[in-house]
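Before any comments, here is the structure.
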Ligand code: IPE
């Protein structure tokens, strides 16, 4: 019986959010160490990572989430056009991906990386592109993909495909996924009050649509959907019977605890 999990490494967890292209290498290493231990227990792991400062800052400045805007110029920017910015963000994402891949490989894992701009088009949870590529029969092979700028088949020409949309389709379409785990930065899960005001007691252990939550959505720097998008896509996945959990990725042992059915701190999204 195959056991498979999908883990999203949030961009705010694995990068310094407000400094262009700086990765939190130690956090990535600790996450990869847990992934390695799980593969030794025959768990198949699919990793989807976010962008953080490798993606959001330039994408926001060049309004890449809005698609092609005729004659957009930014005085004093090293990029001359949106089209150049698309190429640069894709390159920056490949750079972040290579950091994640190198950390996984340092634990002896085989890694298959799937940059979305090479196989996916269109946006949202029904984007185009087969997710069969994430199937594997060998738990020592870890598949990795990430939020990216992809081509869009209409007048927008391109747009941002979030890792949160990728995890939704992968969890729903690749067989035997038992859990989808969002590893986030700076919070233990979903909170009832804004993170800056929260105490230990404000963690929501189980979320269903009637439970109110607060989350920080830094719409000034975030071109995708923040916590609201995770909850929305997570809820979609939970409805198919897959366990969906939000944890603090600075404590990656919580990922292992979920898989090993031990106790852990975080939020479960109920169907
Ligand atoms: C965003 O992907 C991709 C780009 C901005 C290029 P995500 O939505 O998965 O990223 P995070 O987790 O919010 O950083």
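When you count, for each residue, the other Cβ atoms within 10 Å and take the mean per peptide, how do 1-13, 48-60, 27-39 rank with the highest first? Display every interim value, and only then the final one.
Working: 1-13: 22.5, 48-60: 26.1, 27-39: 20.4.
Ranked from most to least packed, the peptides come out as 48-60, 1-13, 27-39.
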Ranked by how many other beta carbons lie within 10 Å on average, peptides 192-199, 93-100 from highest:
93-100, 192-199
Over the C-alpha atoms of the range 217-271, what are the Rg and the largest Cα-to-Cα span, Dmax, in Å?
12.9, 38
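How much of the calculated P(r) for the range 141-271 lies past 18 Å, in percent of all Cα pairs?
57 percent
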Gain upon complete extension [residue 66, residue 265; 0.36 nm per residue less C-alpha separation]:
67.9 nm
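Kirkwood hydrodynamic radius (Cα pairs, Å) of the chain? Let's see the in-between values first.
Details: mean 1/r = 0.0536 Å⁻¹.
Hydrodynamic radius (Kirkwood, Cα only) of the chain equals 18.7 Å.
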Rg/Rg_globular for the range 19-86, with Rg_globular taken as 2.2 N^0.38 Å and Rg from C-alpha atoms
1.62
Descending packing, highest mean Cβ count within 10 Å first, for 161-167, 138-144, 244-250 is 161-167, 244-250, 138-144
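More than 20 angstrom separation, counting every C-alpha pair in the range 59-202; what % is that?
Numbers: 6087 of 10296 pairs.
Result for the distance tail: 59 percent.
Wrap a convex hull around the Cα atoms of the range 1-127, take a quarter of its surface area, and give that in square nanometres.
Working: hull surface 36.2 nm².
Average projection, Cα convex hull of the range 1-127: 9.1 nm².
Would you mind calculating the gained length between residue 192 and residue 2 on full extension (0.36 nm times residue separation, minus the Cα-Cα distance), in nm to one decimal?
Numbers: separation 190, 0.36 × 190 = 68.40 nm, distance 3.62 nm.
Extending this stretch completely gives an extra 64.8 nm.
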Pulled fully out, how much extra length does the chain show between residue 126 and residue 157, if you take 0.36 nm times their separation in residues and subtract their Cα-Cα distance?
9.5 nm
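Each value in this text was obtained by applying a stated rule to the coordinates, not by laboratory testing. Model, not experiment: these values are computed from the prediction. Here the Cβ is made from the backbone with ideal geometry for all residues, glycine too, and neighbour counts use every protein chain on show.
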